[in-house]
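Quick note: the coordinates plus some simple rules give every number you see, no bench work behind them. This structure is a prediction, so every number in the text was calculated from the model and none was measured. No Cβ is skipped: glycine too gets one built from the backbone with ideal geometry, and neighbour counts run over all protein chains shown.
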Amino acid sequence: MTGGGNFLYPFLDAEETDGSALSADLAASAEAKATESLELRRTSIAGLAAELDRAAAAMAAAFRAGGRLFTFGNGGSATDAAGQAALFASPASGRPLPARSLVADTAVLTALANDVGVEVIFSRQLIAHARAGDIALGLSTSGGSVNVLQAFAEGRRRGLLTVGLAGYRGGAMATCPDLDHCLAVEGQSVHRTQEAQSALAHALWQRVQREFQQLEVPA
Ligand SMILES: O=C(CO)[C@@H](O)[C@H](O)[C@H](O)[C@H](O)COP(=O)(O)O
């Protein structure tokens, strides 16, 4: 590159003076993370298979009885919560099920955070939209986000099925009295945990779909 360095990614200018060393470092680091990610996803799916089955069976029963799914989380987990609601509500194949994320409405989120406090941004939405028999699915890598825990408490008060995905062996969610099912991975890194949770969330959806297929009456 001539003049001025890398204007798009100035932090990569070091690559111009020692490109091969940096590239090798980045490649080795990416490879190590990919290996760690695969291993955590593999052990999480295997180790949590029984709890995944139980949670999926309970969710399928709730859907069959007319329940709806509400998903929530912060940061990267907000993105995963939105993706999970979209997967349940509008899968490319399989049965669409009623689901919405509580992370998508900026007006609602900012009003609640600004007027009341960030700890109520999910629980207040459950008060507005949820009823007994619905499902609250919360994701937290630390397992300790207060707004996620508060939503579980509200869900429990209102008679919802409550399901949590957490890292760090569950954190506070591991012993949360408001959770019916806690899928806790061993991950000690936010990013690896998010990757494992994404695999678990997909496995949960697959199992719920399977529960519906088993019920279908052959023609
Ligand atoms: O790691 C990322 C994005 O990948 C962050 O945005 C992260 O999700 C945020 O710090 C969250 O607030 C963490 O909350 P939690 O997962 O511990 O509940």
Bridge type composition, the chain - antiparallel percent by DSSP, nearest 5: 0
Would you work out the relative contact order for the chain, in percent, from Cα pairs under 8 angstrom that are 6 or more residues apart? 22
Rg to Rh, two decimals, where region 91-185 supplies the alpha carbon set and Rh follows Kirkwood: 0.98
Kirkwood-Stokes translational diffusion coefficient of region 40-216, alpha-carbon pairs, 25 °C, 0.890 mPa s, µm²/s: 156
Cα-centre dipole for the chain with unit charges at Cβ (Lys and Arg positive, Asp and Glu negative), debye to 20: 1200
Expected 222 nm ellipticity per residue - DSSP helices of 4 or more, -39500 (n - 2.57), all of the chain, to 500: -18000 deg cm²/dmol
